[in-house]
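Any read-out appearing in this document is the output of simple, stated calculations on the displayed coordinates, not a laboratory observation. None of these values were measured; they are calculated from a predicted model. As a convention, Cβ positions derive from the backbone with ideal geometry for all residues, glycine included, and neighbour counts pool all protein chains shown.
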Amino acid sequence: MGATGVDQAVGTSLVVFSLVLFTYYTVWVIVLPFVDSDHLLHNYFLPREYSVILPGVAAVILLLCIGGFAAVILWKNSKTKKVI
Amino acid sequence: MTKLLQWLLGVSLLVAVWALVTWDLLDLSLPDTYRDVAWPMPLYLLVSFGCYSLATVGYRVATFNDCEDAALELQQQIKEAKDDLKRKGLKM
């Protein structure tokens, strides 16, 4: 029996999202420098500085989420146990 | 030579080549486009690895088989265990 409904949808959307992200980032970082600066393709991409800034911001946000999640879990744990 | 040393040598070699191209340490004066592609390489490899990991997780989630029977059997066993422990006095 294959994976059911929501599982399949979530899994497929993850695969599609990562493929789109990989393709966009590859074109941005590797293909664009070899394309003439007056080609229409450049209109679809932000200036190259953002190709470093955006992953940096995403990494910071990810770390904040992980830290926040850990903090919430620890907070809940310390409330249920009685501290003598 | 240990595996660690081998890996460190390989990584240092790659880092050296990348630094050479990015900051023109040997004054080779490569065309600007090559330098433009080289300097974000570490970040690009990191992002690609992240995308690959995400795609692998998504693929395995989508293709993992549900085991209906095993799930039912497990729930039955959990119920039995709970009843048994309640009878023996464990508070749940």
Legend entry - Karplus-derived HN-Hα couplings along segment B:30-46 (A = 6.51, B = -1.76, C = 1.60, θ = phi - 60°), whole Hz, x at Gly and Pro: 5, x, 4, 4, 5, 5, 4, 7, 6, 5, x, 3, x, 5, 4, 5, 5
Legend entry - Cross-link reach list, aspartates and glutamates versus residue A:81, counting only Cα pairs under 15 Å and skipping chain neighbours closer than eight places: none
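Which whole number gives the average count of other chain Cβ atoms within 10 Å of the Cβ atoms across peptide B:42-52?
Details: counts 0, 7, 8, 0, 2, 10, 6, 0, 8, 9, 2.
Partner Cβ neighbours, averaged per residue: 5.
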Legend entry - Dipole magnitude of chain A, debye to nearest 20 (Cβ charges: Lys/Arg +1, Asp/Glu -1, about Cα centre): 880
Inset, instruction - Whole Å is fine, so just give me how far the alpha carbon centre of segment B:1-42 lies from that of segment A:19-84. - result: 24
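Assuming a ≥ b ≥ c are the square roots of the Cα gyration tensor eigenvalues, decide whether chain A counts as rounded (a/c under 1.5), prolate (otherwise, with a/b larger than b/c) or oblate. Could you put the intermediate results ahead of the total?
Values: a/c = 5.69, a/b = 1.79, b/c = 3.19.
It comes out oblate by the Cα gyration axes.
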Inset, instruction - List the residues whose amide H sits under 5 Å from the amide H of residue B:64, counting only those 5 or more places along or on another chain, with H placed 1.01 Å from N in the peptide plane. - result: A:3
Legend entry - Scaled radius of gyration (Cα, divided by 2.2 N^0.38 Å) that the protein assembly as shown gives: 1.62
Inset, instruction - Please average, across the residues of A:9-15, the number of beta carbons from any other chain that are within 10 Å of each residue's own beta carbon, and give a whole number. - result: 6
Legend entry - Backbone HN-Hα couplings from phi across segment B:76-88 [Karplus 6.51/-1.76/1.60, Hz, Gly and Pro as x]: 4, 5, 4, 4, 4, 5, 4, 4, 4, 5, 4, 4, 7
Inset, instruction - Quick one: what are the phi-derived ³J(HN,Hα) couplings along segment A:39-53, Karplus 6.51/-1.76/1.60 with θ = phi - 60°, whole Hz, x for glycine and proline? - result: 6, 5, 4, 4, 5, 8, 10, 5, x, 5, 4, 5, 5, 9, 5
Legend entry - Inter-chain shielding of A:50-59 (mean C-beta neighbours from other protein chains, 10 Å cut-off): 2
